[in-house]
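The values are calculated or read from the model by the stated rules, or taken from the named source; none is laboratory data. These numbers were taken from a predicted model, which means no experiment stands behind them. Here the Cβ positions follow ideal geometry from the backbone for every residue, glycine too, while neighbour counts run over all protein chains shown.
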Ligand SMILES: [Zn+2]
């Protein structure tokens, strides 16, 4: 990943939400689960998640531009205004992420958020201002093809004075110091409807679902391959059936899936939360001689190349053994022990955390080959090796998709 902005400021989550027309519902479930963007400390460290210092009250300041293009559709009951309706959708969307496992919760709570302010000024999304902004009417070169929206989240790899204004001293490595959300504003075929307007505008996308997805990036997530997960990278034109948002002809887009909640427990852990189970292991080929065919992780500066000793980039998924429901999973393939010389070990290791305890799970593994592919989590992959703007400790191995897995009979 090449970055041109302020040194040491990580621009790691320019994740795009795309049209669901790319989804082929007939495909078997693809289940790469929560994947987190990460940082390596300036002083060197194992990659750590990028996240907010959520225990600091009000650390997440928030503003949105009330400049609304025609692509944002509202349906008003006077005297409500369009701005009031969109403002409510924004508040609802933040609530989804700050209420995970409530009342025990994660450490990301409503108290983590600052006031949500409005400004009539357009084009307030600026990744160097330390203000966290939502823009519905700001153009960007990333808007092409089926891109609906995207988020740029910047994190810092040191503790101390923040590299941007309007943010206090950072207190954790990988602390997010600025995040901005852009909605598509320049397409005649892409519109966003509030909940109130969605039924009458079935060709529009559910504004709230899109925003909840982008807020996942805002809070530190990469993409998930679980179709039901909010962090799945594709969205459908929305309808609401029985209070459940569904992508037309595709899968229901519930506010959050178990997969998203598991990721939140990892990103913002709360010791009082009982959902602390984890499953770990290694994904190794049946024939270890095939590993010789996999290129080593490219040498960084000044670290040597690291041999690949396991499958890198596999989807490893925990399924509830009783119900068959996908609970959570992760991208397998690497490990790192604090204090070790970087880069990480590309050894096929995986660890799925944030699992509810007192349940039985089955693990399955599959290639990350479609509909979600390595390109959908490229930021998370690059961040395993990126130390700062000019010094990458390695280049990750190519995500391995040329393998098959078999069910082992009980
Ligand atoms: Zn996304």
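Number of residues in the range 339-356 that are closer than 19 Å to residue 269 by Cβ and over 24 Å from the mean Cα position of the chain (by Cα) equals 0. Looking at the range 228-243, is at least one residue touching a helix residue (DSSP H, G or I) at 6+ places or on another chain (Cβ under 9 Å), buried (at least 17 other Cβ atoms within 10 Å of the Cβ) and either on the phi > 0 side of the Ramachandran plot or modelled with pLDDT of 90 or more (or both)? So far as the range 228-243 goes, no, none of its residues is touching a helix residue (DSSP H, G or I) at 6+ places or on another chain (Cβ under 9 Å), buried (at least 17 other Cβ atoms within 10 Å of the Cβ) and either on the phi > 0 side of the Ramachandran plot or modelled with pLDDT of 90 or more (or both).
Mind checking whether some residue in the range 383-400 is surrounded by fewer than 18 Cβ atoms within 10 Å (Cβ to Cβ) and modelled with pLDDT of 80 or more? So far as the range 383-400 goes, yes, one or more of its residues are surrounded by fewer than 18 Cβ atoms within 10 Å (Cβ to Cβ) and modelled with pLDDT of 80 or more. Return the only residue of 152, 172 being part of a strand (DSSP E or B), within 24 Å of residue 382 (Cβ to Cβ) and away from the ligand (no atom under 11 Å from the Cβ). The match here is 152.
Looking only at the range 314-328, which residues are touching a residue at least 24 places away in the same chain (Cβ under 8 Å) and either in a loop (DSSP other than H, G, I, E, B) or under 15 Å from residue 359 (Cβ atoms) (or both)?
Correct list: 314, 317, 318, 319, 320, 321, 322, 325, 326, 327, 328.
Taken over the range 244-271, the criterion of being modelled with pLDDT of 50 or more and assigned to a loop (DSSP other than H, G, I, E, B) is satisfied by 248, 253, 254, 255, 256, 257, 268, 269, 270, 271. Among the conditions (1) assigned to a loop (DSSP other than H, G, I, E, B); (2) within 16 Å of the ligand (Cβ to nearest atom), residue 105 misses just one, which is (2). Among the residues of the range 185-227, those identified as modelled with pLDDT under 95, within 16 Å of the ligand (Cβ to nearest atom), touching a strand residue (DSSP E or B) at 6+ places or on another chain (Cβ under 8 Å) and assigned to a loop (DSSP other than H, G, I, E, B) are 190, 220, 222, 223, 225, 226.
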